[in-house]
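The values are calculated or read from the model by the stated rules, or taken from the named source; none is laboratory data. On a predicted model such as this, the values are computed, not experimentally measured, just so you know. Using ideal geometry, Cβ is built from the backbone for each residue, glycine included, and neighbour counts are taken over all protein chains shown. When the accessible area is computed, the model is the full protein with side chains, heavy atoms only, and any ligands, DNA or RNA have been set aside. Shrake-Rupley method; radii C 1.70, N 1.55, O 1.52, S 1.80 Å.
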Amino acid sequence: MTAETVSAPGRPEFDPGAEAARATEAILDDTLHGTARGVVVDSPPGAGKSTLVVRAALELARAGRPLMVVAQTNAQVDDLVVRLAEKEPELPVGRLHSSDADPYDRALEELANVRTSAKAQDLAGLPVVLSTAAKWAHVSVDEPWRHAIVDEAYQMRSDALLAVAGLFERALFVGDPGQLDPFSTVGGEQWAGLSYDPSAAAVTTLLAHNPALPQHRLPVSWRLPASAARLVSDAFYPFTPFRSGTGPGERRLALAVASDGSGPDRVIDAAAESGWGLLELPARHTPRTDPEAVRAVAQVVRRLLDRGGAAVSERSPDPVPLTASRIAVGTAHRDQAAAVRAALAALGVSGVTVDTANRLQGREYDVTVVLHPLSGRPDATAFHLETGRLCVLASRHRHACIVVCRAGVDDLLDDYPSTEPVQLGTLVKFPDGWEANHAVLAHLAEHRVRWRP
Amino acid sequence: MSLITTLAQLEAVRTGRAQPAATVRHRHLSAAPLVFVPLTTAGEAGAPLGALVGTDRDAPHLLVVPQPRDRDLRFGFLAELADVVLPYLEAYADAVEPAERTERDSGTGARVKVEVELCADAAQIVVPSRAGVEYVRLLGRSTRFRRTAEQDPQAPHPAPPRVPLLGRWLTHYGERARVPGSSLLLAMTDLLGRHWATGQSTLEDQHLGALLAWIDPPAGGTGAEAAHRAELAREDGQLLCPPAGPATDPAFDNKLLAPAIERYDRARLALAGAEDGLAADGLLRALTEAEREVRDLVESRTRPTWDAVWRGLELLRRLPEGARVEERWTRDRWSFTGHRDRVRSGEPPQPRRDDAVTAANKLAAREREQARLDAQEALDDPLVMAGRRLSGEAFAGEVVDVVMTYSEGRRPSPRPLVTVLTDDRPHLGERVKVYRSLGGRAQTAEFVEQAGDGVLVVRIVDKMGRGKEPEPGSVPEKGDPVCFTLFEHEQRGGARLPEPEDTPWTHGGPPGAEGAVAEAPDAPTEEDVL
Amino acid sequence: MDKASLAERLGAPAPFGQSQFALTRGNAFEARVKADGGAELLRLAHEALDRGAEPPARARLPDLTATGPEGRAARTALALREATAEAGSWTLLDHPMLALEVAGSPAFLEPDAVVVHPDGRWTVVEIKSFPMLDGAADAAKVGAAARQAAVYVLALERVAAHLAGPPEGPAGAGAPRVRHRVLLVCPKDFSNLPAASAVDVRRQRAVTARQLARLTRVEDIAAALPEGVCFSPELPPEELTAAVEAVPAAYAPECLATCELAFHCRGRSRAAGAVTPLGRPVRAELGGLTTVDDVLAAARGEAGDPDDPVVAALRRAATLREQALREAAEVAACR
């Protein structure tokens, strides 16, 4: 997990900046000058996906190619609009939105060159128009856009792509294969294994029909510290490994106040030191909103704030105070998130993001505190074993990740060996959830603090 | 799974009887359903062994394939099945009423109303279990591409005339059964499992005998004992309650069926080698006797299941039908009519695999129907709504205050603020929309604030008429019981997908020419012929 | 140990067994797939896995007979070495024998077949009797086949590690010699003709490797048992029951489909008043409450800490359920 990952003997020094730049140049070259109708980019957590999307959008606009951008949620669309405006305030940008109440972030109204409308024809002629896949699906055009960028393409379902693909001639597809897979509320087994299975990920369908499309991978995670990149890469991306952009020791977390010797303080110290911490509570079967575990999560957050954390990173020479806005708590279920919010409020903590894995996708913090999806459970269901869920939770941080969990999850996993069904003809892109869970637990065990609250 | 269902299951364990999981019947039941109890041969896909089928509880048709590997006997079975099933279906296909359908004009894309026929009722098929539904699909798949002598005089083993048509109907029914809430083809275990909670797992509920034992235990015994007997009790090595099929018990195959089929084979061989008429007479009698033996065996394994299905129907009919069940059945009638029209207009059989657009359209339709079913079941049944309230997706309570306010703008509209006192804990956020049923239609309100523990304020925003004052009865009054849901009652139509011939490059482009040609029948292999 | 006869003796025989119809047809199918020196099987392997290689015209079919499983495993390893050394043509190993250490003791495995490609790499072949209908097959059965094949892949990798001087890269686990795509052969549609599909077993291989690494050693299981425990079906039922109960087992309804002892375990689990026989999802919502009596008592307000979220939710559920049933009864009375 340390120095030898950065430069292996007999191999040339790995220069993350140069590697990433090379990848980006190749992607832009294929996008702007290539002949293929599509370009696919796999991006591990924090590899600069949004930066790439913004840069590609600007270059396409500069080249005079009308561009539509497809993202999956309104928040993602608004985020891209803001980033585009920051980077190029003069560029006229259209934000196509739904006719529901509050369809977009009010902050967009402050941006001089952003035009918003619920009708596509109002935005005709603008160099860039952005919207969600759901909204684009209701748009019809006489002449397709020259180019499209499909963001978070692994979160998009194949049928959603089918509904919008007629709108553009060529497209750049960008996404993280390690995020939570799209799902359907009804069974679609009868189409599993078909190249165009409507409930599969859009990229899967795209590549099945167009195997010769150029495929790229962003090779460097700028978010994950050296301590996390290897574990996340090994456990969740064994077939497409990546590296961290920073070396060991380049990211540091210092605490002004010394430990009081309690479990939360000891696990904070472990995490500040190594990037990982496991606060292990005594084994017990609990309800989802395990009051002890929820309280422990809240206490860890409270102590992180009380102890005057400061983060040192390549971003600035001076330590940056670890404030509430730089901390997030991740859970598997909504009721768990609600319980943690209530517990934090009871400890007088505000401003800390508390959300489920689904909603934390694509977000970034300095420190994350995670309530382990399997903590206290008497069983391990497919939902809780889903690889993407754990991957999202374990890859949101720049400095450290602290996991709160009941003891005995490894035994639980052993009692529920993986019996995943296999559909003929489907592509294996991601490891098994059972195995990934074991891999993460085995690593966390090295940074374990046992605590009886 | 809702804790409410869990409690019902635990009560079932405690009392030894199944407990209600619904207070109304959530599926349509035909006045004259066709019950179909098929059996299949182990180790071979789509080799029927026999079936009981019919609409008369006391007089089922018994169909048997005395040698399941003999293609001619198999075709005989399928022809007989078609003779029972097709007249039943066709009787419904011919009784129609006028109806209107909105279609998209192919030229302008505008929505236009078209006068069409709608079948006044649809045929309903009931099978014992989910495996039975799967078997209907399999029979459909194995027969719809067959070629009859009329279609293809060169075919080496032409299928009897009506068998491919039977396959198309069975395929349609099997496909429709995948639509949530549909009732054209039903599995009895699903029906019973939807309406009762037993003291066993849903896995064990797949055993029709055990499931019925919990719901309708014999006098003086508990459901648990009866279910255990249904699962395991044997006499002379044979299960007292044979599996509901289509798979048979291996002990039955090995100890009873295999010897009987062997005797049949021998008798047939002997008859074929008969040297004179007199000997043939005796050998024919022996063959008839051997065949009767297999028939008796098949009947002995299907009759208990047949009776169980009818008993289940009887129990289900005692439940009053949910208010919105009829509306969903009308959708089934449209589906039935649509297939009738496709058959009549000479369209080819359903392809082996859906094209990209069809698959996406079907998935979208099923997701919409699932949401519709979830909403309608809750609105029809207080026990289902209780589960949604427990999970924070609805709240019920009493109106304690109504304050009239108006919208801003040139023509102010009523926007009454309604305060509800409730014990429920809904997951409400700022301006979250909530809905209540007002004369069968959904009225929308917005969450405004929580004014205290269990005190919720919502603002009603529609269905109050056009005037400045709300129409009478359109706003709840103080003291009224109300129930608001966070889920919508009606489902919006999804995105419009391209036509199959406009399938984009991302999905392989338009289906190739091979899609246009009729699909080839499955090639026969030498082993099909004995 | 023979779990089926054990179950029968315990008074809870499992409804397992195989129909002779299925057996006959399955055997006929495997024979057909391997007929003519495996010509059809190799054709399928070439088409599904290795189209770049020369078509298998004349394949080698080494004799693998030997005495005892150890002998057969040694013979198999030898045949693999020879086939790999003489790369450039196809070799079919019919029912090879592989050894794999499981929990400290050697286990012998017999895959349906292993194919050695002209490039010297090896593929596990699984022949199954469930149909591949229009290119799709029962996903649960394919999953089981993939897990089974993954064990063979691991065992083959051990063999590869022992062979000296492989052509590409260092030997050992993950050596590229064993292909991670296995060949699944099933009857096509409604026929007895074979259809083949390549199945990627990398996931299953990773899982199995970790399971093997985590398996409690057999000696450890034995050490945890009371002295003199014996599972011989010859024992009287009371003694047998006592012996079986000494082994920790966690019954869940899913066991019914796979384990001969499941009905016995279910009976005991029910007798103990446990909630697990109702299914895993049921248990999952109940936290620390594990018996029917505890849950019902908590729901009725007779026991349990009202601050425990599970107890609070149970009481709320019980109230809502009663209300709803009462409401429905009132409506019915008016009808």
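Some notes on this structure:
- Residues whose amide H lies under 5 Å from that of B:E449, counting only those 5 or more places away or on a different chain, are B:V457; hydrogens are built 1.01 Å from N in the peptide plane.
- A:D306-A:D234 pseudo-label distance in nm [points 7 Å out on the Cα-to-Cβ vector]: 3.5
- One decimal place: the segment B:V114-B:V448 gains 115.9 nm when fully extended, by the rule 0.36 nm per residue minus the C-alpha distance.
- C-alpha long axis of helix B:130-143 to longest principal axis of chain B, angle in °: 60
- Using a Förster distance of 41 Å, the FRET efficiency for B:A258-C:E322 (Cβ separation, nearest 0.05): 0.15
- Dipole of the stretch B:381-485 computed with +1 at Lys/Arg Cβ and -1 at Asp/Glu Cβ about the Cα centre; of B:P412, B:T444, B:T485, farthest Cα towards the positive end is B:P412.
- Per-residue 3J(HN,Hα) values for the stretch A:314-326, derived from phi via the Karplus relation 6.51 cos²θ - 1.76 cosθ + 1.60 with θ = phi - 60°, read 5, 6, 8, x, 8, x, 9, x, 7, 9, 4, 6, 9 Hz in sequence order (x marks Gly and Pro).
- Percent of alpha-carbon pairs separated by more than 17 Å within the stretch A:376-439: 48
- Placing B:S345, B:S437 in order of accessible area, with the largest value first and a 1.4 Å probe, yields B:S345, B:S437.
- Antiparallel bridges, percent of DSSP beta bridges restricted to chain A (to nearest 5): 15
- For the protein assembly as shown, pairs of C-alpha atoms spaced more than 54 angstrom apart make up 27 percent of the total.
- Förster radius 22 Å - calculated FRET efficiency between C:A140 and B:A520 (Cβ-Cβ, nearest 0.05): 0.15
- Interface C-B: total buried accessible area of about 4600 Å², 1.4 Å probe, protein heavy atoms only.
- The modelled label-to-label distance between A:N113 and B:A31, using points 7 Å beyond Cα along the C-beta direction, is 7.2 nm.
- You can think of it this way: the chain between B:R342 and B:E314 has 6.6 nm of extra reach, that is 0.36 nm per residue less the Cα-Cα gap.
- Taking only the alpha carbons of the stretch C:20-214, we obtain Rg and Dmax values of 16.0, 48 Å in that order.
- Whole-Å distance, taken between Cα centres, linking the stretch C:55-100 and the stretch B:175-222: 52
- Projecting the Cα positions of C:A45, A:S316, B:W310 onto the charge dipole of the protein assembly as shown (unit charges on Cβ atoms of Lys, Arg, Asp and Glu, taken about the Cα centre) puts A:S316 furthest along the positive direction.
- Between C:L163 and A:E25, the simple label model (points 7 Å from Cα in the Cβ direction) yields a spacing of 4.3 nm.
- Computed over neighbours whose Cβ is under 15 Å from that of B:E490, the net charge equals +2, Lys and Arg +1, Asp and Glu -1.
- Solvent-accessible surface ranking, highest first, for C:D293, B:D56 at 1.4 angstrom: C:D293, B:D56
- Histogram of C-alpha separations across chain B, 10 Å bin width, %: 3, 15, 21, 22, 18, 11, 6, 2, 1, 0, 0
- Debye, to nearest 20: dipole size of the stretch B:128-180, +1 on Lys, Arg Cβ, -1 on Asp, Glu Cβ: 180
- In this structure, A:S140 and C:A333 have a Cβ-Cβ separation that, at R0 = 60 Å, corresponds to a calculated FRET efficiency of about 0.60.
- Accessible area (Å², 1.4 Å probe, nearest 10) - C:M97: 20
- For the stretch B:381-485, alpha-carbon Rg relative to the globular expectation (2.2 N^0.38 Å, N residues): 1.04
- Counting DSSP beta bridges with both ends in the protein assembly as shown, the antiparallel % (nearest 5): 55
- The stretch C:20-214 - share of DSSP beta bridges that are antiparallel (%, nearest 5): 80
- Overall, the accessible surface of the stretch B:35-164 at a probe of 1.4 angstrom is composed of carbon and sulfur to the extent of 48 percent.
- Note, ³J(HN,Hα) from phi for the stretch C:305-320, Karplus 6.51, -1.76, 1.60, rounded to Hz, x at Gly and Pro: 8, x, 7, 5, x, 5, 5, 4, 5, 4, 5, 4, 4, 5, 4, 4
- The average projected area of the stretch A:24-170, computed from the convex hull of its Cα atoms over all directions, is 8.4 nm².
- The alpha-carbon atoms of the stretch A:168-288 define a convex hull whose volume equals 208 cubic angstrom per residue.
- Sorted largest first by accessible area at a 1.4 angstrom probe radius, with every protein chain in place, the residues A:E86, B:E150 fall in the order B:E150, A:E86.
- J(HN,Hα) series, the stretch A:293-304, from Karplus relation 6.51 cos²θ - 1.76 cosθ + 1.60, nearest Hz, glycine and proline x: 5, 4, 4, 4, 4, 5, 5, 4, 4, 4, 5, 4
- For the stretch A:35-86 versus the stretch A:370-391, the gap between their alpha-carbon centres in whole angstrom: 32
- Measuring max minus min along each principal axis, the C-alpha atoms of the stretch A:293-349 give extents of 40, 21, 15 Å (largest first).
- Based on the convex hull around the alpha carbon atoms, chain A presents an average projected area of 22.7 nm².
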